[in-house]
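Below is one structure, written out as structure tokens, with a few remarks after it.
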Amino acid sequence: MSRKKTKSTKHGGTLTDKAGKQLPLAMQYDYTNFYFGSGDDAFAMLEPFDEWYKDSKPAGYYLYGLPMQAAPSTRVDVRNTKTGEVHSDLLNFASYNYLGLSYRPEVKEAVTEAAQLYGNGASGSPVLSGSLEIHHELADRLAAFKGKEAVLLFPTGYSVNVGVVAGLMRSGDLIVADQYAHASLVDGMILSKATSRFFRHNKVDDLERKLKRYGGKKLVLIEGVYSMDGDVAIVPDIVEVCKRYDARILIDEAHSTFIYGENGRGVAEHFGYEDEIDIHVGTFSKSLGGQGGFVAGSQKLINYLRGFSRSRFFSCGLSPVVSAGILKALDLFEAEPELRSKLWENVDFMQNKLREAGVSVGDSECQVIPIMVQDDARIFEMGEALMYEGVYLNPVKYPAVPKHKSRFRMSISADHSREELEEGVRTITRVLQRYDICPTTRDTITSTTV
């Protein structure tokens, strides 16, 4: 039996359903309601937040951060923190392990050997004792791969964007970012103290309006693939506008490096605009299955950022154990181009099957596929249903996406088998039909496996 959507209205200072019954706290508020607080005590907001969180966590927020019991492969065992039970053999569409490299035997062997040689961590800032030979090897390999003069390594992808943006721009400068830019780019804008503006997603006319109002130093921030929608930056048009107004460009290729382009260098290569973009950012936690990030560009840019990127300067260096795994994953990526071919075959298959079933996937054109639910009140309930029926997917709602744009974010891997993809489509469609999110008149998804 399908369930009808809950309609809520304001009543007496609280939210109520259509029948006038007060909704639980979990549905009345979200994280944004607890950002500011009154009074003189820095801890004043903790008690009201705790009251809301105690109600919200079992109501659905517990679905975040569920402990997986082993590597993020295509099937995983996940512990339910609400019930304590372990859900076994779930189809995993939640992990960024796009090429299936994180758990390859060759990668694990390289990690083991590095641990014997280096120990666990770098034990120092990269500008002091935390710079190891393996870091230099990895930076040189990446610079050659990206076709740039130099690369600077960071301990996390987040710290790359914060460090580069805040390290380069100053008060009085202008930064203009796509409205869907990652939080790390936004935080870099805030820390830089530059004048910050946002342009409507992929709308170059709006970008031009923002740029033409200002003189002086200008930096435009875009992503190769936007991680909540799976669509791609319109790089040629953006480059044309930026050239017109002497604006530098940073492209964050976290979800597109090692995926897009003839050689896998990203969306910039895909469009043939690598040399027109000034700053190239990437991560190791997606396609290479590791951790950390990097910025690639001219030697002069890297020399400057080496001294002014505080998020790197004052952090411990990237773990040498992780660095060894990344180097081996890079070897495998370069030796096995069929990994990318298999990924794109899986992406095409999954996109087509979901659309055929009437599932809305927005404007996605890559391995990041949003399952558009647009039902903030029931997204957690659907996520729980999916888990109990054998699929691990992450629910996403406001403030990570706009209100009424809630979704599940699906990640496709080259390691997914055709049978797993078909099973995933059947399960996802069945659950969404139960909640009237997609049509029930479609034919049942049939197997196409030979």
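A short reminder: the numbers here are calculations on the coordinates, not readings from a lab. Remember, it's a predicted structure, so these values are computed and weren't measured experimentally. When we count neighbours, we look across all protein chains shown, and the Cβ atoms used for this are built from the backbone with ideal geometry, even at glycine.
Rounded to whole Å, give me the distance from the Cα center of the range 190-223 to that of the range 97-135. The distance from the Cα centre of the range 190-223 to that of the range 97-135 comes to 37 Å. The antiparallel fraction among DSSP beta bridges confined to the range 297-450 stands at about 100%. Mind running the shape call on the range 208-322? Use the C-alpha gyration tensor, a ≥ b ≥ c as the square roots of the eigenvalues: rounded below 1.5 for a/c, prolate if a/b tops b/c, oblate otherwise. Verdict is oblate for the range 208-322. Specify the residue with the greatest mean-square fluctuation among 429, 83, 112, computed from a Gaussian network of the chain linking alpha-carbon atoms under 10 Å apart. Among 429, 83, 112, the largest mean-square fluctuation in the Gaussian network model of the chain belongs to 83. Counting other Cβ atoms within 10 Å as a rough exposure proxy, the listed residues 255, 404, 416, 87 run 404, 87, 416, 255 from fewest neighbours to most. Cβ crowding within 10 Å ranks 106, 269 as 106, 269, fewest other Cβ atoms first.
The residues neighbouring residue 138, those whose beta-carbon lies less than 12 Å from its own, together hold a net charge of -2 under the Lys/Arg +1, Asp/Glu -1 convention.
Residue by residue, the range 30-39 carries 3J(HN,Hα) couplings of 9, 4, 5, 6, 10, 6, 10, x, 8, x Hz when phi is fed to the Karplus relation 6.51 cos²θ - 1.76 cosθ + 1.60 (θ = phi - 60°); x denotes Gly or Pro. Counting only aspartates and glutamates at least 8 places from residue 210 when in the same chain, those with an alpha carbon closer than 12 Å to its own are 178. With P(r) over Cα pairs in 20 Å bins from 0, in percent defined as stated, name the option among (1) 27, 57, 16, 0; (2) 22, 47, 26, 5, 0; (3) 23, 54, 23, 0 computed from the structure displayed. Evaluating P(r) over Cα pairs in 20 Å bins from 0, in percent on these atoms matches (3). Of the residues 130, 290, 264, which exhibits the maximal mean-square fluctuation in a Gaussian network model of the chain defined by a 10 Å Cα contact cut-off? Result for the chain, Cα springs under 10 Å: 130 fluctuates most.
Note that the range 80-92 has calculated 3J(HN,Hα) couplings of 7, 6, 7, 9, x, 6, 9, 8, 9, 6, 6, 5, 9 Hz, one per residue in order, obtained from phi through the Karplus relation 6.51 cos²θ - 1.76 cosθ + 1.60 (θ = phi - 60°); glycine and proline are x. Database remark: amide H of residue 378 closer than 5 angstrom to no amide H (H placed geometrically; neighbours at sequence offset of 5 or more, or on other chains; Pro and chain starts carry no H). What does the net charge come to around residue 261 if you take all other residues with beta carbon closer than 10 Å to its beta carbon, with K and R at +1 and D and E at -1? Neighbour charge sum, excluding residue 261 itself: -2.
Each helix, a run of at least 4 DSSP H residues, gives -39500 (n - 2.57); summed and divided by the residues of the chain, these come to -11500 deg cm²/dmol at 222 nm. Take the alpha carbon gyration tensor of the range 317-358, find the square roots of its eigenvalues, order them as a ≥ b ≥ c, and report rounded if a/c is under 1.5; if not, report prolate when a/b exceeds b/c, else oblate. Note, shape of the range 317-358 comes out oblate. Applied to the range 407-414, the Karplus parametrisation 6.51 cos²θ - 1.76 cosθ + 1.60 on θ = phi - 60° returns per-residue 3J(HN,Hα) values of 7, 9, 9, 9, 10, 9, 10, 5 Hz, with x for Gly and Pro.
Taking only the C-alpha atoms of the range 118-260, Rg followed by Dmax gives 16.6, 53 Å. If a/c stays under 1.5 just call it rounded; otherwise compare a/b with b/c (prolate if a/b is bigger, oblate if not). Do that for the range 319-450, with a ≥ b ≥ c from the square roots of the Cα gyration tensor eigenvalues. Oblate, since a/c reaches 1.5 and b/c is not below a/b. For residue 259, the residues whose amide H sits under 5 Å from its own are 266, ignoring neighbours fewer than 5 places away on the same chain, with H placed 1.01 Å from N.
Taking other C-beta atoms within 10 angstrom as a stand-in for reagent exposure, 316, 242 fall in the order 316, 242, fewest first. Once backbone amide H atoms are built at 1.01 Å from N, residue 360 has 372 as its partners under 5 Å, excluding neighbours fewer than 5 places away on the same chain. In the frame of its principal axes, the range 270-366 has Cα extents of 52, 32, 24 Å, reported largest first.
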